[in-house]
Amino acid sequence: MDARKCKGLVGTPCKDGTCHEDRLYCKLFEGEDAGFCECQDGFVENEERKCALKFGLKCEKQRDCDPITPLACIDKICQCKNRFYKYWDGLRKCVALIVASCSSENPCTEDAECRKHILPAKCVCKHHFHVNSKFECELTRFDDIFDLDNLRKKT
């Protein structure tokens with residue numbers, strides 16, 4: 001990471017200078033002394049083109065954390081607001097675990113689906129998956145359901 005500072009928001013042109021926000025750095029164009037402002041590691045761009053803390057990092061106040069996910073500053077750590085949600089990095093979202101309420105704005109965790117005919121709508125595991133102790137879905141192994149070793153011995 002380049003230690004140069006930016007004079008603006010995420011995406012604004014920069015050179016050697018100072019930033020109005022110290023969470024930015026100047027990413028230089030290859031072979032040039034100019035570039036554009038970008039969030040430092042551990043931060044993500046928010047709607048205001050400023051940098052907010054990512055999931056799992058230490059925070060002081062609510063507005064420090066990523067508002068797009070949205071994250072909350074709980075026990076001085078940026079995390080999902082609801083304990084029945086988990087952070088999914090690929091989506092940059094907190095997703096509902098099994099038994100949690102879900103909707104198109106609040107999708108379910110991996111290998112689960114939102115059953116809207118249950119009121120309120122809830123996340124349930126997809127076919128061939130079962131809920132584990134972390135309220136997530138995992139593939140059901142058929143040898144766990146059927147004692148295949150004993151079946152083989154009998155035949």
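The values are calculated or read from the model by the stated rules, or taken from the named source; none is laboratory data. Bear in mind that the values here come from a model prediction, so they are computed numbers and not experimental data. Cβ atoms come from the backbone with ideal geometry, glycine included; neighbour counts cover every protein chain shown.
Looking only at region 85-96, which residues are in a strand (DSSP E or B) and modelled with pLDDT under 90? Steps first, please.
Applying the first criterion (in a strand (DSSP E or B)) to region 85-96 yields 85-88, 93-96.
Within region 85-96, none qualify.
Just wondering, is there one or more residues in region 18-40 that are farther than 30 Å from LYS134 by Cα, assigned to a loop (DSSP other than H, G, I, E, B), within 23 Å of the chain's Cα centre (by Cα) and at pLDDT 90 or above?
For region 18-40, residues farther than 30 Å from LYS134 by Cα, assigned to a loop (DSSP other than H, G, I, E, B), within 23 Å of the chain's Cα centre (by Cα) and at pLDDT 90 or above: present.
Please find, among ALA52, ALA34, the residue that is closer than 19 Å to VAL10 by Cα and in contact with a helix residue (DSSP H, G or I) (Cβ under 8 Å, 6 or more places away or on another chain). Talk me through it step by step, then tell me what you get.
Working: ALA34 fails: in contact with a helix residue (DSSP H, G or I) (Cβ under 8 Å, 6 or more places away or on another chain).
On inspection, the qualifying residue turns out to be ALA52.
Looking at region 45-69, I want the residues that are touching a residue at least 24 places away in the same chain (Cβ under 8 Å) and have a partner that is in a loop (DSSP other than H, G, I, E, B) and among the basic types (Lys, Arg) with Cβ atoms under 7 Å, at least 6 apart or on another chain. Which pairs are those?
CYS51/ARG23; ASP66/LYS54; ILE68/ARG92; THR69/ARG92
Looking at this structure, is VAL99 of a type in the set (A, V, I, L, M), in a loop (DSSP other than H, G, I, E, B) and either in contact with a Cys (Cβ under 8 Å, 6 or more places away or on another chain) or at pLDDT 90 or above (or both)? Even if it seems obvious, please write down each step before you answer.
Numbers: of a type in the set (A, V, I, L, M): yes; in a loop (DSSP other than H, G, I, E, B): yes; either in contact with a Cys (Cβ under 8 Å, 6 or more places away or on another chain) or at pLDDT 90 or above (or both): yes.
When the stated conditions are applied, VAL99 passes them.
Which residues, taken from region 103-122, are surrounded by 16 or more Cβ atoms within 10 Å (Cβ to Cβ) and modelled with pLDDT under 90?
ASN106
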